[in-house]
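Student: Got a structure here, written out as C-alpha cells. Questions coming.
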C-alpha cells in the first residue's frame, strides 16, 4: 500500500460564501473513510448547500472512496444543493468515466470552470465577454464561432442561437466596413449573457470619410428586409434591427457604438 496518505482540507470561498471548497489529496483508498467522516462532521460542510471538491492533489481513487464521495454528495443534495468535482487528472478522470462516475457527478477541468457553472446555474449571474480584434473582414467568422460556442455553453440554441450569430456577424461586418483601418484601431465586441437575454455592444474607431454616410444610414434604418429566402449575411444594420429586441447606435467623431439586446425566445 502506498504511503501517500489521503487527506482533506476544507476552505471557505470569500467571493462565493454559499460554497464549501474541499481539497482532497493523496491516495483515496480504504484509508480515506476517516477523511470523509471528518468532512461530514465539519460545520462548514453542514452549513453550506453547495460544494466544489478540488481533486488536483488526488493520486489515485478506489471504489470505496467513490462510495464515500457519493455519500458526501447526497448530504448536499438533501439540502437542495449539489457537490461537483474539479481539477481531476486525466488518468483518474478516465477511470471515473469507465466506472460511470460522470453520470453521477458533474466534473470540471479546473476550479474556475466549476465556479463559472455555479454562478450561472445556481446564482443565475450574468457572464461578460470582451473580444478585441483587428478591423479585417477575415476575422469575423472566428468571432461568430466563438460567440456561438459561448451561447451553446449557456443553453442558447435553435432560433436564438441563429439570430444572435447573424446579429454578431452583421455588427462585426459593419464595424469593419465603416471603421478606421489603422494599425491600432481595433474593434471591440462586448457580450453580456444571462438566462433571459444577450446584450451586445460593437465599438469601432470612426473613419471620418464614412461617418456622414453611416449617420445618414442610421437615421433611415428600417426594419424592412428584402425577402429572397432565408436570412443571410450582408443585410447590414437593417437586419440587426429586425432581429433585435432593442437596437440603438451612438455615432461620434471618435467612434461608433451599436448596442443590441436580444431577449431569449427558445
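Every read-out reported here was derived from the displayed coordinates using simple, explicitly stated rules and does not represent laboratory data. Keep in mind the model is a prediction, meaning the values are calculated, not measured. A quick note on method: Cβ atoms are made from the backbone with ideal geometry, for glycine too, and the neighbour counts reach across all protein chains shown.
Student: Specify the angular offset, from 0 to 90 degrees and rounded to the nearest 10, of the alpha carbon long axis of helix 208-219 from the longest principal axis of the alpha carbons in the chain.
Tutor: Approximately 90 degrees, to the nearest ten.
Student: Once label points are set 7 Å from the Cα along Cα→Cβ at both residue 74 and residue 261, what is their separation, rounded to one decimal in nm?
Tutor: Spacing of the two 7 Å Cα→Cβ label points: 4.7 nm.
Student: Further, regarding this structure: Using a 10 angstrom cutoff on alpha carbons, build the Gaussian network for the chain and name the most mobile of 52, 19, 104.
Tutor: It is 104.
Student: Sort 265, 125 by Cβ crowding within 10 Å, fewest neighbours at the top.
Tutor: 265, 125
Student: Want the number for residue 89 to residue 13: 0.36 nm per residue separation, take away the alpha-carbon distance, what's left?
Tutor: Details: separation 76, 0.36 × 76 = 27.36 nm, distance 2.25 nm.
Extra length from residue 89 to residue 13 when fully extended: 25.1 nm.
Student: Give the relative contact order (percent, whole number) for the chain; include only Cα pairs under 8 Å separated by 6+ residues.
Tutor: 13
Student: Taking the 0 to 90 degree range and rounding to the nearest ten, how far is the long axis of helix 140-153 tilted relative to the main principal axis of the chain, both from C-alpha atoms?
Tutor: 40
Student: Between residue 127 and residue 41, what is the FRET efficiency for a Förster distance of 45 Å, r being their Cβ-Cβ separation, to the nearest 0.05?
Tutor: 0.80
Student: One-quarter of the Cα convex hull surface for the chain, in nm²? Display every interim value, and only then the final one.
Tutor: Numbers: hull surface 73.0 nm².
Computed as one quarter of the Cα hull surface, the answer is 18.2 nm².
Student: Continuing with this model, one more query. Looking only at 180, 56, 43, which one moves most when the chain is put into a Gaussian network model with springs between Cα atoms under 10 Å?
Tutor: Result: 43 has the largest fluctuation of those listed.
Student: Here's something else I'd like to know. Please work out the Cα center distance from the range 2-64 to the range 240-256, rounded to the nearest Å.
Tutor: First find each Cα centre; the distance between them is then 50 Å.
Student: Something else about it: Which of 87, 202, 216 moves the most in a Gaussian network model of the chain with Cα springs under 10 Å?
Tutor: 216
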